[in-house]
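**Student:** Before anything else, here's the structure in question.
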Amino acid sequence: MEGFGEKTSSRGFNRATQAKRQTGSSIKPIAILAPGIEEKVITASSVFNDSQTTFDDGSEEGYSPVNYDGYLGYITVRRAVESSQNIPFVYMMELLTPKTSIKYLKNMGVTTLTDKDESLALALGGLDQGMTPLESAAAYATIANDGVYIEPTFYSKIENNSGKIVFETSQETRKVFSKETAFIVKDLLTQPVQGSRGTATYCKINGIEVAAKTGTTNENYDRWLCGFTPYYTAATWYGFDINETISYNGRNPAGLIWANVMKSIHSGLDDANFEKPTKVLTATVCSVTGKMASGNCTSTYEEYFLKGTIPDLCTSHDLGDGTSGANTNVVQERIQTEQDVVIDEPAPQTDNDNQTVTQSQNTTSESTNTSVNHGTNTSGGTSGSGQNSNTSTNSVTNSSSSTSSNENTTTSQPSNTTDVDNTTSDSSSDDSTETTSTETGSSDETEDSSSTQ
């Protein structure tokens, strides 16, 4: 909490709970995917044009986000999540609207949003103030807990010396979206971990399904890894209190910390996967058009949908059956674009979230904040561990040295973690690592994202 280095104050600046940091692309699942799927404005197979685009944001110059590692052309939402392509997510935010996104974020416990955040830059984490690691963890835990937000807590009960309970915590809970939406988002977030072009492949845990998303801001000022398993949710932020570019041999230090902490606390636990609700529908779709596959589609996969959102039948490959040449050209262009990008694609541990973020923070320490939540699933879902208690336990570990970097790891019951760029620290020359952990009973590596406000 104080950063690496000697502790110089009591109850000083706590980066896990007080540091407001720009989130980069780690905001995409909670600001776009969950709200967009719940509102049925997108599906996991919706197709968007990942190409250089200037969006109308009401300003004279418009909003022109970029990708860190090139453009892929027309791609599905699932493919966009895997390597964290930015342009499709801005298109999604246009459909969803920032106003609706903010409504969902607030319901997931995010308290740091301002009127200035009602803009397309919200899609890529370009926030006025930012988020704390704790609130980021709690928002991700809402997905892990089947769409139910559980207020984070750092204790479950207090007993006197006779063992009598004198105080028990009371956590606010509320349903934010359906367990069906939560499952589809969980499955989408396995792409960065399992996909061949994933940005968080190093987060794999043998026998246990992992959902994760990386985040990076302009100039590599902030690095994030937020994610969960059927057991725990954790969010990690790594950066300096006063912005400095983070260079870690091309790797994401927040992601490495997340992976090490999570692999350790899952050691010895039973194998577990995310459980699919019975009302989630499955359909075979064309990987090129995102529509329901026909017999002429040569590249297909199984996708998950909410009721009433399965797409129409793909006709783009029905040559000779009335399909226009324009459709065929789009298909061929997209296939060629994908092939071209694969040739130049970086190693899987590199994250492609490139968003331009306006940074307005004063800091002198580099910090990594990781929040982990183990919490019960109040939505009625089962967890791989079968633990269904409503208690949550958080522990914070601080390690110090006089280097100027801070690591913050938070683990909590309704996993809550958030990182914010705008922070002034009491210990401006300290480096800190914070870990808080909680259980979720129910229930990237390097990523660059920047958003301009």
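The values are calculated or read from the model by the stated rules, or taken from the named source; none is laboratory data. Note that this is a predicted model, so its numbers are computed, not measured. Because the Cβ atoms are built from the backbone with ideal geometry, glycine has one as well, and the counts that use them run over all protein chains shown.
**Student:** Looking at 178, 196, 170, which is the one that is at pLDDT below 95 and among the hydroxyl-bearing types (Ser, Thr, Tyr)?
**Tutor:** 170
**Student:** A further question on this structure: Kindly establish whether residue 294 is surrounded by 13 or more Cβ atoms within 10 Å (Cβ to Cβ), over 29 Å from residue 208 (Cα atoms) and touching a strand residue (DSSP E or B) at 6+ places or on another chain (Cβ under 8 Å).
**Tutor:** Numbers: surrounded by 13 or more Cβ atoms within 10 Å (Cβ to Cβ): yes; over 29 Å from residue 208 (Cα atoms): yes; touching a strand residue (DSSP E or B) at 6+ places or on another chain (Cβ under 8 Å): yes.
So residue 294 passes the test.
**Student:** Identify all residues within the stretch 140-195 that are assigned to a loop (DSSP other than H, G, I, E, B), of a type in the set (A, V, I, L, M, F, W, C) and more than 20 Å from residue 101 (Cβ to Cβ); write none if there are none.
**Tutor:** 154
**Student:** While we're looking at this one, here's another question. Go through (1) over 26 Å from residue 14 (Cβ atoms); (2) crowded, with 18+ Cβ neighbours inside 10 Å; (3) polar (S, T, N, Q); (4) more than 14 Å from the chain's Cα centre (by Cα) for residue 162 and report which single condition fails.
**Tutor:** Condition not satisfied by residue 162: (2).
**Student:** Do any residues in the stretch 266-278 that are more than 18 Å from residue 307 (Cβ to Cβ) have Cβ atoms under 6 Å from those of residues that are among the basic types (Lys, Arg), where the two are at least six apart or on different chains, and which pairs are they?
**Tutor:** Short answer, once both residue conditions are applied: 274/186.
**Student:** So, one more: Taking the options 25, 46, 10, name whichever one is more than 18 Å from the chain's Cα centre (by Cα) and more than 30 Å from residue 293 (Cα to Cα).
**Tutor:** Checking each option against the conditions leaves just 10.
**Student:** Residue pairs, Cβ under 9 Å, 6 or more apart or interchain, first in the stretch 105-134 and at positive phi, second part of a helix (DSSP H, G or I) and among the charged types (D, E, K, R). List them.
**Tutor:** Close Cβ pairs satisfying both conditions: 109/135; 125/28.
**Student:** Counting just the residues of the stretch 178-207 that are among the β-branched types (Val, Ile, Thr) and within 23 Å of residue 253 (Cβ to Cβ), which one comes out farthest from the chain's Cα centre (by Cα)?
**Tutor:** 205
**Student:** Here are 49, 67: which of them is surrounded by fewer than 24 Cβ atoms within 10 Å (Cβ to Cβ) and either touching a Phe, Trp or Tyr at 6+ places or on another chain (Cβ under 9 Å) or closer than 13 Å to residue 122 by Cα (or both)?
**Tutor:** On the way: 67 fails: either touching a Phe, Trp or Tyr at 6+ places or on another chain (Cβ under 9 Å) or closer than 13 Å to residue 122 by Cα (or both).
Residue meeting the stated conditions: 49.
**Student:** Does the stretch 125-136 include one or more residues that are at pLDDT 95 or above and in contact with a Cys (Cβ under 7 Å, 6 or more places away or on another chain)?
**Tutor:** Looking for residues that are at pLDDT 95 or above and in contact with a Cys (Cβ under 7 Å, 6 or more places away or on another chain), one finds at least one in the stretch 125-136, hence yes.
**Student:** Filter the helices (runs of 4 or more DSSP H) completely within the stretch 28-132 down to those with at least 2 residues that are closer than 16 Å to residue 184 by Cβ.
**Tutor:** Here the list reads 34-38, 77-82, 87-96.
**Student:** Restricting attention to the stretch 173-183, does a residue exist that is more than 23 Å from residue 110 (Cβ to Cβ) and surrounded by fewer than 19 Cβ atoms within 10 Å (Cβ to Cβ)?
**Tutor:** No, the stretch 173-183 contains no residue that is more than 23 Å from residue 110 (Cβ to Cβ) and surrounded by fewer than 19 Cβ atoms within 10 Å (Cβ to Cβ).
**Student:** While we're here: If you take the residues of the stretch 202-216 that are buried (at least 21 other Cβ atoms within 10 Å of the Cβ) and of a type in the set (S, T, N, Q), which of them is modelled with the lowest pLDDT?
**Tutor:** Taking the candidates together, the pick is 216.
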